1. Would you point out which residue out of GLU139, GLU108, GLU104 is over 16 Å from PHE59 (Cα atoms) and over 15 Å from the mean Cα position of the chain (by Cα)?
2. Only one of (1) surrounded by 13 or more Cβ atoms within 10 Å (Cβ to Cβ); (2) within 14 Å of PRO78 (Cα to Cα) fails for ILE6. Which number is that?
3. For the stretch 31-38, check the following and say yes or no: at least one residue is farther than 27 Å from ASP137 by Cβ, in contact (Cβ under 8 Å) with a residue 24 or more places away in the chain and out of contact with any Phe, Trp or Tyr (no Cβ under 6 Å at 6 or more places or on another chain).
4. Taking the stretch 56-69, which residues are buried (at least 19 other Cβ atoms within 10 Å of the Cβ) and either near the ligand (Cβ under 10 Å from one of its atoms) or within 14 Å of the chain's Cα centre (by Cα) (or both)?
5. Report yes if GLN83 is under 22 Å from MET1 (Cβ atoms), away from the ligand (no atom under 14 Å from the Cβ), of a type in the set (S, T, N, Q) and out of contact with any Asp or Glu (no Cβ under 7 Å at 6 or more places or on another chain), otherwise no.
6. Name the single residue, out of those in the stretch 126-157 being near the ligand (Cβ under 10 Å from one of its atoms) and touching a Lys or Arg at 6+ places or on another chain (Cβ under 7 Å), that is nearest to CYS102 (Cα to Cα).
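Bear in mind that the values in this text are calculations on the coordinates, not laboratory data. In this text, all values refer to a predicted model and were calculated from it rather than measured experimentally. Using ideal geometry, Cβ is built from the backbone for each residue, glycine included, and neighbour counts are taken over all protein chains shown.
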Amino acid sequence: MITVNIRFCNINDLEALYSIEKSSHPAPWPRAIMQADLATGRNNIVYLCAEWQDVICGFSAFSRKRRTLRVMNLAVLPEYRRQGVASQLLLAMEEMAKLWGCKEMALEVRESNYGAQALYARFGFYKARRLGRYYSDGEAAFLMKARLPLRVHIQKNPT
Ligand SMILES: CC(C)(COP(=O)(O)OP(=O)(O)OC[C@H]1O[C@@H](n2cnc3c(N)ncnc32)[C@H](O)[C@@H]1OP(=O)(O)O)[C@@H](O)C(=O)NCCC(=O)NCCS
């Protein structure tokens with residue numbers, strides 16, 4: 001576990017965020033879209049990044065739709081995974097959700113993305129719906145939701 005510093009992003013973070021994005025998703029967001037988001041706050045998308053010893057090792061992007069915080073992206077550099085970085089970003093998004101008066105968080109995750117699904121399940125997200133052919137490559141998604149506050153499920157070691 002590493003304890004990261006989490007802060008709001010700005011346009012100067014574009015290159016770091018885009019390289020995390022490229023190393024994390026089969027169909028990464030285009031650089032120009034991320035640039036527009038960071039420069040203009042397009043669609044009110046908020047970006048948070050996680051820093052460890054001056055390295056930006058992960059980020060999240062999210063927005064508010066009525067009383068729901070929608071997680072639109074969450075990614076961690078491969079060499080920093082399984083050290084609690086995404087968990088800390090999720091908890092930071094929950095803080096924003098509380099400030100916004102949201103009652104729940106929601107996101108879409110690829111059907112084959114078992115690792116991310118395990119992460120979300122750990123924080124109390126449940127599969128609300130399967131969305132067939134959700135992605136441009138034809139893969140389905142699960143819409144996952146969690147009521148706030150998040151409840152962390154720690155797996156007990158077998159005795
Ligand atoms: C999914 C992702 C964001 C997780 O980031 P992370 O920083 O490694 O996650 P954490 O270390 O906070 O994981 C917390 C817990 O979630 C679960 N988990 C996370 N990744 C997992 C994986 N690949 N397989 C199984 N369980 C996983 C585990 O319970 C883990 O606890 P443990 O390491 O003590 O077993 C990261 O793997 C990633 O960037 N993947 C590519 C992009 C992606 O799929 N994003 C999600 C899009 S919806």
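1. Working: GLU108 fails: over 15 Å from the mean Cα position of the chain (by Cα); GLU104 fails: over 15 Å from the mean Cα position of the chain (by Cα).
Criteria check complete, one pass: GLU139.
2. Answer for ILE6: the failing condition is (2).
3. No: the stretch 31-38 contains no residue that is farther than 27 Å from ASP137 by Cβ, in contact (Cβ under 8 Å) with a residue 24 or more places away in the chain and out of contact with any Phe, Trp or Tyr (no Cβ under 6 Å at 6 or more places or on another chain).
4. Residues of the stretch 56-69 that are buried (at least 19 other Cβ atoms within 10 Å of the Cβ), as a first pass: 56-62, 69.
Matches in the stretch 56-69: CYS57, GLY58, PHE59, SER60, ALA61, PHE62, LEU69.
5. Working: under 22 Å from MET1 (Cβ atoms): yes; away from the ligand (no atom under 14 Å from the Cβ): no; of a type in the set (S, T, N, Q): yes; out of contact with any Asp or Glu (no Cβ under 7 Å at 6 or more places or on another chain): yes.
Taking the combined requirement at face value, the residue does not satisfy it.
6. We begin by selecting, within the stretch 126-157, every residue near the ligand (Cβ under 10 Å from one of its atoms); these are 141-142, 144, 152-155.
Of the ones still in play, those that are also touching a Lys or Arg at 6+ places or on another chain (Cβ under 7 Å) are 141-142, 144, 152-153.
On the way: ALA141: 23, PHE142: 21, MET144: 16, VAL152: 18, HIS153: 21 Å.
The residue in question is MET144.
Condition check ((1) closer than 23 Å to LYS127 by Cβ; (2) in contact with a Ser or Thr (Cβ under 8 Å, 6 or more places away or on another chain)) across all residues:
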| position | (1), (2) |
| --- | --- |
| VAL55 | no, no |
| GLY58 | no, no |
| PHE62 | yes, no |
| THR68 | yes, no |
| LEU89 | yes, yes |
| MET93 | yes, yes |
| LYS98 | no, no |
| LYS103 | yes, yes |
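Table: residues versus (1) within 13 Å of the ligand (Cβ to nearest atom); (2) surrounded by 14 or more Cβ atoms within 10 Å (Cβ to Cβ).
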{"residue": "ALA97", "(1), (2)": "no, yes"}
{"residue": "GLU104", "(1), (2)": "no, yes"}
{"residue": "ARG110", "(1), (2)": "yes, yes"}
{"residue": "GLY115", "(1), (2)": "yes, no"}
{"residue": "ALA121", "(1), (2)": "yes, yes"}
